[in-house]
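No lab work stands behind these numbers, since they all come straight from the coordinates. Just so we're clear, the structure is a prediction, and the values are computed from it rather than from any experiment. As a convention, Cβ positions derive from the backbone with ideal geometry for all residues, glycine included, and neighbour counts pool all protein chains shown.
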Amino acid sequence: MSASSAGSYGAGARVLSVGLALTGVVTLAYFVLATYALDARDYGAVSLLWSITFIVATVIYRPIEQLLARTVARGHTFGRVPALIQGGFALGFLIVALALRGPLVELFNGSQALYWILVGAVLAYAASYFARGYLAGSGRFELYGALVFVEATSRVLFPLAVVLGLASGQTAVALGIAAAPVLSLLVVPWALRRRARSAQAAQEGLSLRAGSGFAGGVLVIMAAEQTLINAAVLTTQATAPLLVGVVFNALLIVRAPLQLFQAVQGSLLPHLATAKAQEFSRALRVTVLAIAAFAGAVALGLLAVGPLVMGVFDIDYDYGRLGLAALGLGMGFHLVAGTLNQAALARDRAGRAAAAWVVAAVAFVVWLLLPVVDDPVLRMEVGYLGAAAGLAAMLGMTLRGGG
């Protein structure tokens, strides 16, 4: 791999890191404002809406983002195959959502509005994730960062309007979740204009069978990852509904850095897909060391001032320092696992990687359902750390094998 390619990876990661760091801050602001705009019951429902939206959208659309990133990076046009797969996933979601309308409305405390916001948001993210995959694969990292930043900024305007008295109610806050992915597509015309100038140089290099196989493997991985991130919110909704907002807020410690390090992962897969052995190993080593330093700093910060930081949320709960620090360490292991996962995908080991993710996710859910730790919040914090550490170890062993 040439020095210019390695430099492109590093520059892309830096550009995306800046954009996604700002996005993480704005996303946090959305939930802080929502706690002031809504009572605990309504905020819990919006938190649940967010969790379901991003579980579904990430599981069914991130595979296409990854497929496009790898395919476009190898010099092929994005073509009809990924679009067909993406359309099939979106249609499948719509059919299931309509069939489960009754239970979903009941889950949202009888709110028809939240149900339709869920449907609209997930369908809108089909276009958003497709655009992200193309932008990553073609090296347009500045537009990738702009897309997710516009999305987050658009979303935060809705609870801000409620706090300022320009709007009112749960529906007004929740509408931002559906409107944001639509508004974020304002950056796409710039990418397509450049694409039109170079389209003739690329060739279709992906069959429907190959594309579906790759997307299916990544779909399993994404389902397991979203289980790891969101299962605690759903199990708490079933066992201790008054603590849903508390658990969700604590997990923002995990979500915000994960969103930031999507910048690294977003530029890492296209880089590894064409990297030779020496550069492949170097990129992994540098990324993992950076994650370790970052996670260590976050864990120490949470140990020192974690409860004070969590006080920005208008929720009466005493967060423990050790539990928050455990979440910080777990986040670090999760980021390492995500990096190793990109390496596995680049080496066509999606099946092995998927098995590791499934084992970690199932173990985490079982832990959450067992009354080993009485406090549901502490149970989530300890379980997440253990599951993420185990996952990173399994993915590391996956890469050591041949084939």
Quick one: divide the alpha-carbon radius of gyration of region 115-162 by 2.2 N^0.38 Å and tell me what you get. 1.33
Between the modelled labels at Leu378 and Asp348 (7 Å from Cα along Cα→Cβ) the distance in nm is 5.0
Length released on extending from Arg400 to Ile95, taking residue separation times 0.36 nm less the Cα-Cα span: 105.7 nm
Segment Arg282-Leu186, length gained on full extension (0.36 nm per residue, minus Cα span): 31.0 nm
Cut-off 15 Å between beta-carbons: net charge of the residues surrounding Arg255, Lys and Arg +1, Asp and Glu -1: -1
In order through region 95-110: 3J(HN,Hα) via Karplus (6.51 cos²θ - 1.76 cosθ + 1.60), integer Hz, x for Gly, Pro: 4, 5, 5, 5, 5, 9, 4, x, x, 5, 4, 5, 4, 8, 6, x
For Arg321 and Val362, compute 0.36 nm times the residue count separating them, minus their Cα-Cα distance, and round to one decimal in nm. 12.1 nm
Report ³J(HN,Hα) in whole Hz for each residue of region 86-92, in order, from the Karplus equation J = 6.51 cos²θ - 1.76 cosθ + 1.60 where θ = phi - 60°; Gly and Pro get x. 4, x, x, 4, 5, 5, x
Determine, from the Cβ-Cβ distance of Arg41 and Ala355 and an R0 of 35 Å, the FRET efficiency 1/(1 + (r/R0)^6), rounded to the nearest 0.05. 0.30
So if R0 is 22 Å, what FRET efficiency would Ala238 and Asn109 give, r being the distance between their Cβ atoms, rounded to the nearest 0.05? 0.95
Under 1.5 on a/c is rounded, so check that first for region 321-360, then, if it is not, pick prolate when a/b is larger than b/c and oblate when it is not; a ≥ b ≥ c are the square roots of the alpha carbon gyration tensor eigenvalues. oblate
